[in-house]
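To start, the structure under review is shown below, and the notes come after it.
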Amino acid sequence: MRLLANLDPLNAGRDRDLLVPDPALRKRIWTAIGGPGTVLVAGEVAGLWRPAKKGRKLLITVEPLGKLTSAATDELAGEIERLAPFRGADSGDLRLAAP
């Protein structure tokens, strides 16, 4: 489980069609300004994410592209907690958006 920023080297590669075969989804991810990050589960793009800071809490909203298992959701929450200090937050909070 990894949260990759929009400009992460994996996301910035030229082989975008191999990473994300769906052209409509590629258009949503790689926008000119302010595209979402990607959620990788077992090496596959499994969702999109956007950060927001609420006081000293990092709020990450994830839009799953399919069903996430409870184990994947738990791993995602843990990844957000690890990311929070790097974004200047004391803690992180996961919110799942409707796909």
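For region 23-36, the Karplus equation 6.51 cos²θ - 1.76 cosθ + 1.60, evaluated at θ = phi - 60°, returns couplings of x, 5, 5, 4, 5, 6, 6, 9, 9, 5, 9, x, x, x Hz by residue, with Gly and Pro reported as x.
Close amide-amide hydrogen proximity is noted between Gly92 and Leu58, each under 5 Å apart and 5 or more residues distant or on a separate chain (H modeled in the peptide plane; Pro and chain starts excluded). Of the three principal axes defined by the Cα atoms of the chain, the extents in descending order read 36, 29, 22 Å.
Of all aspartates and glutamates in the structure, the ones whose alpha carbon falls short of 15 Å from that of Lys27, not counting any fewer than 8 places away in one chain, are Asp15, Asp17. Rolling a 1.4 angstrom probe over region 1-97 with all protein chains present gives an accessible area of which 55% lies on carbon and sulfur atoms.
Between helix 70-83 and the chain there is an angle of about 70 degrees, using the helix long axis and the longest principal axis of the Cα atoms.
With a 1.4 Å probe and every protein chain left in place, work out the accessible area per residue of the chain in Å², rounded to a whole number.
On the way: 6080 Å² over 99 residues.
So the chain comes to 61 Å² accessible per residue, rounded to a whole number.
Computed from label points 7 Å out along Cα-Cβ, the spacing between Leu83 and Ala32 is 2.6 nm.
The values are calculated or read from the model by the stated rules, or taken from the named source; none is laboratory data. None of these values were measured; they are calculated from a predicted model. Glycine gets a Cβ as well: all are built from the backbone with ideal geometry, and neighbour counts include every protein chain shown. Protein only, heavy atoms only, side chains kept; ligands, DNA and RNA dropped before computing areas. Shrake-Rupley method; radii C 1.70, N 1.55, O 1.52, S 1.80 Å.
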